[in-house]
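Since the structure comes first, as structure tokens, the remarks are kept for the end.
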Amino acid sequence: MSGRLKIWNESTETWDEYQTVVAPPRTNSQYRNVTATGLVNGSNKVYTLPNPYIGGSVAMYVGGIRDSNFTETSPTAGTITTSDAFATGEVLRFDYDTNYVSIGSSDTVDGIHASATPVANQLLALDSNSQFPTSTLGGAWTAYTPAFPLTSGGAAVWGNSTFQGDYRMVGKTCEFRAKVVLGTTANFSGLTAIGFTLPFTAATRQVGFFIGQVFMMTGFQMGRLYCGSNTTCNVWAEVTSGTYNYAADITGTIPHGWASTHYITVQGSYEVA
């Protein structure tokens, strides 16, 4: 299967046409309407193509007319020698084929191949399911120790509470999940708010949005994670007043009294700055 690409050439005011070839089964790339290196000055006869070529594949065009008066001097060096020295102003173009080793995926006119691992200036190969492999795009979970800063008018501390969390990056999106289990020396006396420090700085446009869920045990209470700044979120509980619910800061008594082994979990996703 092949396709053709036309690019406007400002210097010659013509369309340069290229052909791409997909391999396998074909392992050659076809170059069309290519300008070679070498002066067109009435005396020079040696021209060098941009790539090594397959012997017998070169076609030369002078002013758009095919001309066979040349010799394929060195396919490996990409050089040819013309029988005539063309006058200044003549337009020479060449077609030729060149070998590339097939790796079982894309082969393009500029020599870029698909690769199973990310390599600069190479295409990324699909996996056995014809999808981009998650391992090369990001997406592996990374463990870290999350931070839940406390705001207190008293002596609230986490004490010997335990923290665990992980996150993963897919492009500019960070997904996270974190948990804190209260220890025996945790003290929520005077607690007025709990925050959650994001794994990475959030994009400014995320500020002011809910970006995750909160779950609290042993009360089975739910809550919301509010992005109050691009570094820290508010961990809010859902409380009921009359006929509606609203979000409120977690305190020593909201949504319930706290004790050892109670825990708070958060999870969500957001755009990284």
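The values are calculated or read from the model by the stated rules, or taken from the named source; none is laboratory data. Computed from a predicted model, the values in this text were never measured in an experiment. Note that we place each Cβ from the backbone using ideal geometry, even for glycine, and neighbour counts take in every protein chain shown.
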(Q) If a residue must be in contact with a Lys or Arg (Cβ under 8 Å, 6 or more places away or on another chain) and within 17 Å of Lys172 (Cα to Cα), how many such residues does the stretch 197-222 contain? (A) 2
**Q.** Scope the stretch 1-59; condition among the hydrophobic types (A, V, I, L, M, F, W, C), at pLDDT 65 or above and outside any strand (DSSP E or B); matching residues
**A.** Ala36, Leu39, Val40, Leu49, Ile54, Val58
Q | Elements of type strands (runs of 3 or more DSSP E) in the stretch 141-186, at least 1 residues being closer than 12 Å to Tyr263 by Cα and assigned by TED's automatic domain parsing to the domain that holds Gln206 | A | 162-170, 173-181
(Q) For the stretch 198-244, give me every one of the strands (runs of 3 or more DSSP E) that falls completely inside it and has 1 or more residues that are of a type outside the set (Phe, Trp, Tyr) and farther than 24 Å from Thr145 by Cα. (A) 232-241
